[in-house]
1. Per DSSP H run of n ≥ 4, the term is -39500 (n - 2.57); total these for chain A, divide by its residue number, and report the mean residue ellipticity at 222 nm rounded to 500 deg cm²/dmol.
2. Along the charge dipole of the protein assembly as shown, which of A:Val162, A:Ala209, B:Ile180 sits closest to the positive end, that is, farthest toward it, with unit charges on the beta carbon of Lys, Arg, Asp and Glu (+1, +1, -1, -1)?
3. Sticking to Cα atoms, compute the Rg of the protein assembly as shown to one decimal and its Dmax as the biggest Cα-Cα distance, whole number, in Å.
4. Calculate, axis by axis, the spread of Cα positions in the range B:1-128 along the three principal axes, and write the results as whole Å, longest axis first.
5. Compute the helix-to-body angle for A:119-132: its Cα long axis versus the longest principal axis of chain A, expressed 0 to 90° and rounded to tens.
6. Which value in Å is the Kirkwood Rh of the range A:100-163 over different Cα pairs?
7. Kirkwood hydrodynamic radius, chain B, all distinct C-alpha pairs: what's the number in Å?
8. Roughly how many Å is it from the Cα centre of the range B:1-41 to that of the range A:148-176, as a whole number?
Amino acid sequence: MASTEAVVTEPGTRPKLRVEHLGMVYERDGERVAVFEDINLDVSESEFICIVGPSGCGKSTLLKVLAGFLSSTSGSVTFDGESVNGPDPRRILVFQEHGVFPWLTVAGNIGFGLSKLSRAQREERIAHYVQTVRLEGFEHTYPSDLSGGMKQRVQVARALAVNPHILYLDEPFGALDSITRVIMRGELLRIWQSERKMVIFVTHDIDEAVQLADRVVVLSSRPARIEDVLTIDIPHPRNISSPRYLELRDELLKLIGLAYEI
Amino acid sequence: MKIPVWLRPVLLITALLVVWQVAIDRHPGQLLPGPIGVALGILELLHHGLLIKYVVASLFRVTWGFGLAALAAIPFGLMLGWHRRGEMAFYPLIQVFRPISPLAWIPIAILWFGVGDLAAIFLIFVGCFFPLLLTAMSAVHGIPAVYFNAGRNFGLSPSAFVSRVLYPAVVPQLLIGLRITLGIAWLVVVAAEMISVNSGLGFLIVDARNAGNRYDLVVAGMVIIGTIGLLLDLGMRSIENIKSFHWSSSEG
């Protein structure tokens, strides 16, 4: 199912996010170092994309550019034809760790982006997303008293509360233990299926990518290019021991250049 | 038998007081008054109404000197911490002024403000300004980039950014800096009062010595200074322990 064409769009869906010839170069000690180059990608509304690649390949930098935190040195990112230049509440980046504000309670964090709403609307929205991420009863708890998984739930809820078009997740479960990570994947899928947001999810975990994504974008090592885009054509809920799952997983491992016999 | 935690320091202090009194009784002389003499001295000061008057005078100067220093140094320090170029410009100057003891300013303070409250307040201000400035600068440097990014992502205006991200992020560091600096203020006020005013606990100590070698009153003044210093520290610690201020210790 791998496509050699980098620009892939599901038939019949209009691309919302369009990444064209995106490249990033920075100078270090007078030398030009390319982080990634010629990244082309179209993503349609409510699509779930995973970006995988060898560690240090520039996945996180790419995500920061897509979210507007960093500027690319060539190419463009547009959403609905509007060019992305700067952070914006319409696209929220969820960080791997320490992303919640420790001086605010769970409710305070989730309501962080809602200061323009009336008090009643804000409380309603907070209550809704507390429920969405299943943190009922923890509304008035501070992050220092939450587990790592719960903090990530708070971050996802805070992001969803402002009703963004795109959710960017930068290895959001990378700092969690393996059991919590599996639970959180299920939670994220459940939330994504009810909210239908576009999700761009950076991970270095092959299984995570095959379990979650509609399409997996495989990056090469530095300077990163799109090696391939793999469509995961298994409906949710996915059986992780089905032949098709294992086949796609093997394919992904091969694309990344890993031997799958250790 | 298990001794409750709160009782331990009480027992230790009592034991030391007993040792002190016994030692003084065995070797009476001019070296030091005993604890009973000191206690009588404190009572005498209370009786004359001097104790309250002097404590209030000292606290008044500390409040002004420390408060003005906090008002000036914290916003300035936060600004310098935020604007690295400004910091680079000011840094050498700050490092030149910082190691000058506030006591070195006493002649200047008297020259500018004469003998009185203003000179003492100025000295406390000078003693507190630089530590607070450096605390505020390093508090900004210590904010994790992820808080800035998260704040920027939700489209905050610059003023909202300051009040909702920058300020809460530096509060724990600032409170620690304020507590330590309040201790400095309390040190400086005693020294300032010994030279530049005619009231306060520092004045009490010099006056007791000059007016008849009343060392019981000297030590009484020292005990009161120490006790109030302890209370100030406890007060600041209780502010630090407020939950929404206290986050840094568990969230590094």
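1. Per the formula, -9500 deg cm²/dmol.
2. The Cα lying farthest towards the positive end belongs to B:Ile180.
3. 32.0, 103
4. 63, 46, 26 Å, listed from the longest principal axis down.
5. 60 degrees
6. With all distinct Cα pairs of the range A:100-163 included, I get 11.2 Å.
7. 20.9 Å
8. Value for the Cα centre distance between the two parts: 60 Å.
Readers should treat all values here as calculations from the given coordinates under stated rules, not as data from a laboratory. The shown structure was predicted, so the numbers you read here are calculated from the model rather than taken from an experiment. Using ideal geometry, Cβ is built from the backbone for each residue, glycine included, and neighbour counts are taken over all protein chains shown.
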